[in-house]
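The values are calculated or read from the model by the stated rules, or taken from the named source; none is laboratory data. Please read all numbers here as calculations on a predicted model, not as lab measurements. Here the Cβ is made from the backbone with ideal geometry for all residues, glycine too, and neighbour counts use every protein chain on show. Areas reflect the complete protein model, heavy atoms only, side chains present, ligands, DNA and RNA absent. Shrake-Rupley method; radii C 1.70, N 1.55, O 1.52, S 1.80 Å.
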Amino acid sequence: MDQENRLDVEQIIELLEIHDFKKLKEELETLHPVDIVECLEELDKKQRTLVFRLLAKEEAAEVFTDMNSEMREDLINALTDSELEEVMEEMYVDDTVDVLEEMPANVVDRLLAATDEDTRQKINSLLQYPEDSAGSIMNIEYISLRREMTVADAILKIRQVGINKETIYTCYVTEKKKLIGMVDVKDLLTAGESRLIGDIMDENVLYARTLDDQEHVANMINKYGLVAIPIIDHEDCLVGIVTVDDAMLVLQDETTEDISIMAGVSPNEDSYFETSVFQQAKNRTPWLMLLMLSATVTGEILGYYENAMAAMPVLITFIPMLMGTGGNCGSQSSTLVIRGLAVGEIEFSDIFKVIFKEIRVALIVGTLLAVVNGIRICIMYDRNLMLAVALGVTMIAVVAMAKCIGCILPLVAKKIGLDPAIMAAPLITTILDTCTILVYFNIVTAVFQI
């Protein structure tokens, strides 16, 4: 937390100690909900509850939404039923669903009891959608217009119901619940009041379906620069929208998950400090165990070539360099391809274009590395040109192989429905270590006839 927010925390604690709640309430009104959450993290449970009770209803709902699950649970246990009901009334349904999914069963029961019957039905409808689907993150509070309405009627409706909607910048035109068009508020404000919505609406509407993957929907919002995207069901009826703020959270969660997998760590929704030491160890051990056992294959291959190493002990000194170079080259390619897959730049159909490009890159990189390494060998090993040539050919072959494997595996993983991030640094490095040893000793045994 920056110095400005730290001073706010100190001031909050001071005002709580002297019971100057009126001034504290005025100070809280000047802070953004996210900054209030950061301040609450510095307080103990009792102080946190006191501060939360001083917030206005709308602001309290936003603060509650931005809290982590542990803070929410503590607060729920501290608030009365009437206080909890006020908070739930101000929260959007999709935010409420997100909160419920993180809470234990006894807390969920209490939260649902604090909502009215209509809201409970909306919550239950969203909870029925599969996890990570567009339906599970959509908001069912949007503005719906009819094509026969005038612009004046539409603006009046926005004024009447807009306060309860998550966004009013884009309105959707429906007919018998089916999506037939959309209208931006800018279009309404700049059109004549007597014009019909059907005359100014855009019929070419981008949409997603309830069972679409949430990451795909978030990428659509990002790609087309949308404020929100409508979600339709299997009957083509409009059932909700996904807004840009929800898309940002999805992309953040997906990126966090990919980074964890790429590092060989099981994904975890909690933050680094909220995750216990035991849980951290549990998340990391399976991958490390798998990679350790798979590395025994490399050891077996080395044992197979022990005669060659006995005949030319100098060959052993180049193994770490070749394995490291191969692993690094493979990681570079896999990282770029995984990133391209994540943002939609690369598809499986591009596999041959990707391979062709990586091979060209590998030839340039491998040749440069081979030349530099050849000069080093000639200087350090009494101008042993045969050794320099053998290592140079090996280097080019290893780099080319690493680049190809590094780009192919994520694409194949995506094609068969696996997360491409699985084919990242730890796994690819282990695979390439084995392949590098095979390539290296096959080349040197052929060159030196050993």
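Scan (1) within 16 Å of ALA228 (Cβ to Cβ); (2) part of a loop (DSSP other than H, G, I, E, B) for the single condition MET182 breaks and write down its number.
All conditions pass for MET182, except number (2).
Every residue in region 305-314 that is without any contact (Cβ under 8 Å) to a residue 60 or more places away in the chain and either in contact with a His (Cβ under 8 Å, 6 or more places away or on another chain) or not aliphatic (A, V, I, L, M) (or both), please.
Once the filter is applied, which keeps residues that are without any contact (Cβ under 8 Å) to a residue 60 or more places away in the chain and either in contact with a His (Cβ under 8 Å, 6 or more places away or on another chain) or not aliphatic (A, V, I, L, M) (or both), region 305-314 yields GLU306, PRO313.
Hey, which of the helices (runs of 4 or more DSSP H) in region 27-107, taking only ones fully inside, have at least 3 residues that are aromatic (Phe, Trp, Tyr) and open to solvent by less than 30 Å² (accessible area, probe 1.4 Å)?
Numbers: elements: 33-40, 45-53, 57-66, 69-78, 81-90, 93-102.
Result: empty, no element qualifies.
Testing CYS171 on (1) surrounded by 13 or more Cβ atoms within 10 Å (Cβ to Cβ); (2) part of a helix (DSSP H, G or I), one condition comes back false. Which one is that?
(2)
State yes or no: is LYS176 more than 30 Å from ALA342 (Cβ to Cβ), modelled with pLDDT under 90 and open to solvent by 70 Å² or more (accessible area, probe 1.4 Å)?
Values: more than 30 Å from ALA342 (Cβ to Cβ): yes; modelled with pLDDT under 90: yes; open to solvent by 70 Å² or more (accessible area, probe 1.4 Å): yes.
The answer is yes for LYS176.
Confirm whether ILE229 is assigned to a strand (DSSP E or B) and either open to solvent by 70 Å² or more (accessible area, probe 1.4 Å) or free of Cβ contacts under 8 Å to residues at least 40 places away in the same chain (or both).
yes
Need pairs with beta-carbon distance below 9 Å; first residue over 12 Å from ASN442 (Cα atoms) and within region 381-400, second not in a helix (DSSP H, G or I); sequence gap 6+ or separate chains.
So the pair list comes out as LEU387/MET312; LEU387/TYR381; ALA388/TYR381.
Among the residues of region 319-373, write down those that are of a type in the set (Ser, Thr, Tyr), surrounded by fewer than 19 Cβ atoms within 10 Å (Cβ to Cβ), in contact (Cβ under 8 Å) with a residue 24 or more places away in the chain and under 25 Å from ASP419 (Cβ atoms).
THR335
Exactly one of (1) out of contact with any Asp or Glu (no Cβ under 6 Å at 6 or more places or on another chain); (2) β-branched (Val, Ile, Thr); (3) closer than 27 Å to LYS165 by Cβ; (4) at pLDDT 80 or above is unmet by THR65. Its number?
(1)
Could you list, in sequence order, all residues of region 122-157 that are hydrophobic (A, V, I, L, M, F, W, C) and either in a loop (DSSP other than H, G, I, E, B) or open to solvent by 30 Å² or more (accessible area, probe 1.4 Å) (or both)?
LEU127, MET138, ILE140, ILE143, MET149, ALA152, ILE155, LEU156
Sort out which residues of region 65-113 are within 21 Å of ASP132 (Cβ to Cβ) and of a type in the set (S, T, N, Q), and write them in order of number.
THR65, ASN68, SER69, THR96
When you scan region 206-216, how many residues do you find that are open to solvent by 20 Å² or more (accessible area, probe 1.4 Å) and not in a helix (DSSP H, G or I)?
Adding up the residues that qualify gives 6.
Scan LYS57, LYS23 and give me the residue that is free of Cβ contacts under 8 Å to residues at least 12 places away in the same chain and on the phi < 0 side of the Ramachandran plot. I'd like the intermediate steps shown before the answer.
Details: LYS57 fails: free of Cβ contacts under 8 Å to residues at least 12 places away in the same chain.
LYS23 is the lone residue from the list that is free of Cβ contacts under 8 Å to residues at least 12 places away in the same chain and on the phi < 0 side of the Ramachandran plot.
Among the residues of region 432-443, are any at pLDDT 85 or above, touching an Asp or Glu at 6+ places or on another chain (Cβ under 8 Å), within 25 Å of ILE375 (Cα to Cα) and not polar (S, T, N, Q)?
no
Testing ASN442 on (1) over 30 Å from VAL217 (Cα atoms); (2) in contact (Cβ under 8 Å) with a residue 40 or more places away in the chain, one condition comes back false. Which one is that?
Single failed check for ASN442: (2).
Would you pick out the residues in region 108-121 that are part of a helix (DSSP H, G or I) and either among the small types (Gly, Ala, Ser) or in contact (Cβ under 8 Å) with a residue 40 or more places away in the chain (or both)?
Selection gives ALA113 alone.
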